[in-house]
1. Place the peptides 26-37, 54-65 in order of packing, highest mean first, counting for every residue the other Cβ atoms within 10 Å and averaging per peptide.
2. Can you give the FRET efficiency to the nearest 0.05 for Glu27 and Asn6, using r as the Cβ-Cβ distance and R₀ = 25 Å?
3. What does the highest-first list of 43-51, 10-18 look like by mean Cβ count within 10 Å?
4. Contour minus end-to-end for Thr70 and Ala41, with contour as 0.36 nm per residue of separation and end-to-end as the Cα-Cα distance?
5. If you average 1/r across every pair of different Cα atoms in region 32-73 and take the reciprocal, what Kirkwood value do you get, in Å?
Amino acid sequence: MSGMVNPDEFVGSALECARVVAGWDLECLSTETGINRTRLAGFETGRNLPTNTEIQALADTLEVLPKFFTIPVEKIPDHAINIKWTNKNENSK
């Protein structure tokens, strides 16, 4: 486990940002992490705090450092999320 953070420092908006930028809905994230969808929604709204194990699972799945979840993030407007990311190597085929 790399760079664990105190669950009390967890910021739900950072999780929502990482999830949305990755293009995932809560159901998909739940399937990939094994964390209940309702619990994930609670993390994003601040109703629930994740355990260290859950923070690590979220970080691994969303490919961010656990410390990312301690940084408050402004809500991303829906119209700004419609961005397609491509791999440079895929474009050269």
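1. Per-residue Cβ counts within 10 Å, averaged per peptide and sorted highest first, yield 54-65, 26-37.
2. FRET efficiency, Glu27 to Asn6: 0.35.
3. The most tightly packed comes first, giving 10-18, 43-51.
4. Computed gain between Thr70 and Ala41 is 8.8 nm.
5. Here the Kirkwood hydrodynamic radius works out to 10.5 Å.
Each value in this text was obtained by applying a stated rule to the coordinates, not by laboratory testing. Computed from a predicted structure; not experimentally measured. Ideal geometry is used to build each Cβ from the backbone, glycine not excepted, and the neighbour counts take in all protein chains shown.
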